[in-house]
Amino acid sequence: MRLITDDRINATCGHQGKRRKILRLYIENLTFPDMKKPGLLILILIGCFGFLAAQPTLKQTINSNWEFHKGDVPGLPANTNGSIKWETISLPHSWNTVDVNQDTGYYRGIGWYKKTIYAPASWRKKSIYLYFEGANQVAEVYINGKLAGKHIGGYTAFSFDIGKLLQYNSDGLTANQILVKLDNRANENIPPLDADFTFFGGIYRDVYLISADPVHFNVDVNAASGVRVKAPAVSGDEADVAVESSITNTSAAKLKVVVSSSIEDSQGNLIKEVATNATLSPGNTTLVI
């Protein structure tokens, strides 16, 4: 199953040129057991009515132009003096790609990553997330020297809301520093404790920046998509599909939305469409079923 987000304005509604924001979440290649027609596509839409200046949700990899230092650095992130030796790298990256083949064993310890990103002033009104597909195995993420969050476990995705930690100018782009401390030392409190593979240390998968509008699918819980699809009853001929959408409204306004869920076959033919009305409280996340 593959998830694709495609959030955009595609219509106007109401009076005085109010905008209707359509948030789309595609779930492709969804196949239920024993179904004769695999390759269904589920499309979830949020139609948001109000005076929102809606823009797309953007998700962009930031894998290039990172720097890496093997070993701990006392005083980081406060101490960023020029005596630290950094190696320029790109992600995905591991510090064990060479020593894993050495007879003396491979390094299990601490490594630091550093990158500068440039934030436009328009991000002030956005929700900005830093999303990691995987990093092994204890991660501490700092933005401009301040802790954004900590994640334990090397084999699950995680994300942090970093918008309030970013620095902005009134116009143009502003430099912001990301620091990531990783530790792949053996820890009896972090499974797996033993395996037939190497516990590679590093940011070994892609990293993304996500810029979301005030109304968006909730990505704060376990770095998930904000949409849950279940099939409570499945037979060889048909299946019941239940869709739950977790929608966040970070604006100061109470908003009414329409959540539309549709199922299409692999040729794009509509099988079923259901629309649900919901009211979003300001500054809260609402579960729409």
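Here, each number is a calculation from the coordinates, and none is a lab measurement. Every value quoted in this text rests on a predicted model; they were computed, and no experiment measured them. Positions of Cβ are generated from backbone atoms using ideal geometry, with glycine treated the same way; all protein chains shown enter the neighbour counts.
Using the structure shown, list the pairs from 164/254; 70/125; 114/230; 59/164; 70/126 with a Cα-Cα distance above 29 Å, or answer none. Can you show the working numbers first?
Values: 164/254 22 Å; 70/125 37 Å; 114/230 40 Å; 59/164 18 Å; 70/126 34 Å.
Listed pairs above 29 Å: 70/125; 114/230; 70/126.
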Residues whose modelled amide H sits under 5 Å from the amide H of residue 174, counting only those 5 or more places away in sequence or on another chain, are 119, 169
Could you run the Karplus curve 6.51 cos²θ - 1.76 cosθ + 1.60 with θ = phi - 60° over segment 210-224 and give me ³J(HN,Hα) per residue in whole Hz, x for Gly and Pro?
10, 10, 10, 5, x, 10, 7, 4, 6, 10, 7, 9, 6, 6, 7
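Once you have the Cα-Cα distance between residue 88 and residue 265, take 0.36 nm times their residue separation minus that, and quote the gain in nm to one decimal.
Numbers: separation 177, 0.36 × 177 = 63.72 nm, distance 4.60 nm.
Result: 59.1 nm gained on full extension.
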Segment 175-273: GluC sites (Glu not before Pro) falling in loop per DSSP and having at most 13 other Cβ within 10 Å
188, 238
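Between residue 274 and residue 173, 0.36 nm times their residue separation minus their Cα-Cα distance comes to what?
Values: separation 101, 0.36 × 101 = 36.36 nm, distance 4.22 nm.
The span from residue 274 to residue 173 would gain 32.1 nm if fully extended.
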If you stretched the chain out fully between residue 97 and residue 206, how much longer would it get, using 0.36 nm times the residue separation minus the C-alpha to C-alpha distance?
37.6 nm
Dipole magnitude of segment 82-185 about its Cα centre, charges +1 at Lys/Arg Cβ and -1 at Asp/Glu Cβ only, in debye to the nearest 20?
440 debye
Modelled label-to-label distance, residue 156 and residue 58, 7 Å Cα→beta-carbon offset: nm?
3.1 nm
